[in-house]
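The values are calculated or read from the model by the stated rules, or taken from the named source; none is laboratory data. Since the model is a prediction, treat every value here as computed from it, not as a measurement. Backbone-built Cβ (ideal geometry, glycine too); neighbour counts: all protein chains shown. Ligands, DNA and RNA are excluded from the accessible area calculation, which covers all protein heavy atoms including side chains. Shrake-Rupley method; radii C 1.70, N 1.55, O 1.52, S 1.80 Å.
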Amino acid sequence: MKLKSQNVRVRFAPSPTGFVHVGSLLAALYNWLEAKKNGGVFILRVEDTDQARLVEGSVENLLKVLRWAGLDPDEGVSFDKAGKVTEKGEFGPYTQSKRLDIYRQYAKELIDKDEAYYCFCTKDRLDTLRAEQEKNKQLTKYDGLCRHLTEDEVAEKLKNQESFVIRQKVPTGQEVVLHDLIRGEVKFPTDSLDDSVLMKSDGFPTYHLAVVVDDHLMQITHVIRAQEWLPSSPKHLLLYKSFGWTAPQFAHLSHLLNKDRSKLSKRQGDVAVEDYIKSGYLPEAMLNFLAITGWNPGEGTEQEIYSLKELAKKFSLDRVHKTGAVFDREKLDWINGLYIRNLDIKELTKLCLPYLGESVIGNQKSEYVEKVIALERERMKKLSDISESTGFFFSEPEYPAAMLVWKKSDQEKTKATLIKLAGFLGGVKKWNKTDLETAAIAWISEQGLTNGETLWPMRVALTGKDKSPGPFEVADVLGAEKTLARLNAAIAKL
Ligand code: GLU
């Protein structure tokens, strides 16, 4: 029997700076899958140490997005039963701004161990240093001036309340080796690393210190995060070593890309999950799409459609792509359309109602609305498509008379044809798409008419559009009474 790996604890650790990027949702999903696959715990930690970048309401928004996706955290920042933001779990607080004392204590420990040092350099000095390094085409990094202050000098400056930061004392001439679960071995010479700031002058930790302290104290076993943090990982590994802690395992996820293989940007389309929710993408479809965009299930399978449950069984980090994956919007639309068509019609109708608007639907019977949606869903890519395409089912279409005239016909002929057609349809007994179509096509040829000159004006009369579902499908949904009324309205226009 295969034993479950024990106590997998993963965290999704976003900074609450506004909307949720689709790449963040992918990171949340892959963390969640890794946890569920191993019977582990999915934790949400809020990384809000960069106070200048905070956006009010971001945490609540983030939790709403996770709830929409069905990825509620098991531990950490989460909604309580009443839908209020709270924290649960025994390793809290899970919001970094509530943990400042903890970071101070650990920064002090690093100083005491000579693994970090006070730096009193002014902003002016650092700016000049950087400008000079840039001019000389050197690596821009701190030159280590304050590494060499004596204990007395430091004590004196502290006594004089000089402003300071605490920097990591990165060893020189070494190599840090990261065993990344996705990328394999990645090596970093320590001479390329900066003595990064760990504690800022305002008493807040930087990301580097906070992330290591928290991942350790929260007993995180796997750090699964975006590729942009890969260059920071050697600093983190060095900090684990400085503290004498065992580092978690790391997996760095590749960026999502635009079609031109640049990093996914707003310029080329939506990147905020909230925008996809608003347009009516289904969570199951979005997760399915994100799962197969950055991961493949292995050779010998062409399968592209997965439920979340199935993904939680099949997912594995070693099959996550090492190189960036294109965020293919057409594929997302295709998957979403597929999920839409698989929904029960009552369920789909419920989901479509907000897009149709109550005022549009008026007091139409629910069977009528369901029929409209059943017809439209064949073409739907997202729920919001319903509002553009179905207006004519709920209010009388408006269109210019000229639209009724087929390209090979004229106004007079069109009028005569519609009058005859209305007469014929008035006598049809079996009012459903198939019977209507069979009877009408036979009648058209008996009359010596053509399909084009008859069905074009019929469809325009019923829909007011030059593109729409076919005339018999629409007539079926509208019913005999409305169909005849619309044909008569068209005749009156000509
Ligand atoms: N707070 C970082 C972010 O906003 C997360 C970094 C990490 O997961 O280590 O993306």
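Residue pairs whose Cβ atoms lie under 7 Å apart, separated by 6 or more positions or on different chains, with the first residue in region 333-344 and at negative phi and the second among the small types (Gly, Ala, Ser) and open to solvent by less than 40 Å² (accessible area, probe 1.4 Å), are 335/285; 336/285; 339/285.
In the set 367, 378, 398, only one residue is assigned to a helix (DSSP H, G or I) and open to solvent by 100 Å² or more (accessible area, probe 1.4 Å); that residue is 367. Whenever a residue of region 9-31 is over 15 Å from residue 321 (Cα atoms), its partners that are within 7 Å of the ligand (Cβ to nearest atom) and assigned to a loop (DSSP other than H, G, I, E, B), lying with C-beta atoms within less than 7 angstrom and at least six residues away or across chains, give the pairs 13/47; 14/47; 15/47; 24/14. Go through region 88-102 and give me each residue that's free of Cβ contacts under 8 Å to residues at least 40 places away in the same chain and open to solvent by less than 60 Å² (accessible area, probe 1.4 Å). Across region 88-102, the qualifying residues are 92, 93.
Take region 413-445 and flag every residue that is touching a residue at least 60 places away in the same chain (Cβ under 8 Å) and not hydrophobic (A, V, I, L, M, F, W, C). Of everything in region 413-445, those that are touching a residue at least 60 places away in the same chain (Cβ under 8 Å) and not hydrophobic (A, V, I, L, M, F, W, C) turn out to be 414, 415. Look at residue 287 and say whether it is more than 12 Å from the ligand (Cβ to nearest atom), open to solvent by less than 30 Å² (accessible area, probe 1.4 Å) and under 14 Å from the mean Cα position of the chain (by Cα). So residue 287 fits the description; yes.
Counting only helices (runs of 4 or more DSSP H) wholly contained in region 1-115, the ones carrying 3 or more residues that are under 21 Å from the mean Cα position of the chain (by Cα) and within 13 Å of the ligand (Cβ to nearest atom) occupy 22-37, 58-69. With respect to (1) open to solvent by less than 20 Å² (accessible area, probe 1.4 Å); (2) of a type outside the set (Val, Ile, Thr); (3) more than 25 Å from residue 450 (Cβ to Cβ), the lone exception for residue 422 is condition (3).
With respect to the conditions (1) free of Cβ contacts under 8 Å to residues at least 12 places away in the same chain; (2) within 26 Å of residue 236 (Cα to Cα), residue 139 lacks only one, and its number is (1).
Tallying residues that are in a loop (DSSP other than H, G, I, E, B) and either open to solvent by less than 10 Å² (accessible area, probe 1.4 Å) or of a type outside the set (A, V, I, L, M, F, W, C) (or both) within region 258-281 yields 11. Pairs needed: first member in region 214-227, touching a residue at least 60 places away in the same chain (Cβ under 8 Å); second member anywhere, within 9 Å of the ligand (Cβ to nearest atom) and basic (Lys, Arg); C-beta distance under 6 Å; at least 6 residues apart or different chains. Close Cβ pairs (under 6 Å, with a partner that is within 9 Å of the ligand (Cβ to nearest atom) and basic (Lys, Arg)) amount to 220/11. Just one of the listed residues (404, 484, 383) is open to solvent by less than 50 Å² (accessible area, probe 1.4 Å), at pLDDT 95 or above and closer than 30 Å to residue 331 by Cβ, namely 383. Quick check on region 453-471: of everything there that is hydrophobic (A, V, I, L, M, F, W, C) and surrounded by fewer than 23 Cβ atoms within 10 Å (Cβ to Cβ), which residue is nearest to residue 432 (Cα to Cα)? It comes out as 455.
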